[in-house]
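Here's the structure we're looking at; comments come further down.
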């Protein structure tokens, strides 16, 4: 079994961000400020992943995959799924 251990760090926030973090903690019933920071980091990661997926989709629109665009399924018969 792999045990995950959290690493302790120090974070400095402006009074405005600290106030927001404390309000967020209360509103979402989180047990600590650390959970607030963890939520924020996960949101940043998700945002970055989404931006990456959008960039890949945009790139695909500009440069489609020739295997997909040329009909790689040519020669396959349509199926009504009864033979599966």
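The conditions of being at pLDDT below 95, loosely packed, with under 10 Cβ neighbours inside 10 Å, under 23 Å from the mean Cα position of the chain (by Cα) and part of a loop (DSSP other than H, G, I, E, B) are met by residue 4.
Yes/no matrix, rows are residues, columns are (1) at pLDDT 85 or above; (2) surrounded by fewer than 10 Cβ atoms within 10 Å (Cβ to Cβ):
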{"residue": "27", "(1), (2)": "yes, yes"}
{"residue": "47", "(1), (2)": "yes, no"}
{"residue": "51", "(1), (2)": "yes, no"}
{"residue": "71", "(1), (2)": "no, yes"}
{"residue": "74", "(1), (2)": "no, yes"}
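The values are calculated or read from the model by the stated rules, or taken from the named source; none is laboratory data. Not measured: the values here are computed from a predicted model. When we count neighbours, we look across all protein chains shown, and the Cβ atoms used for this are built from the backbone with ideal geometry, even at glycine.
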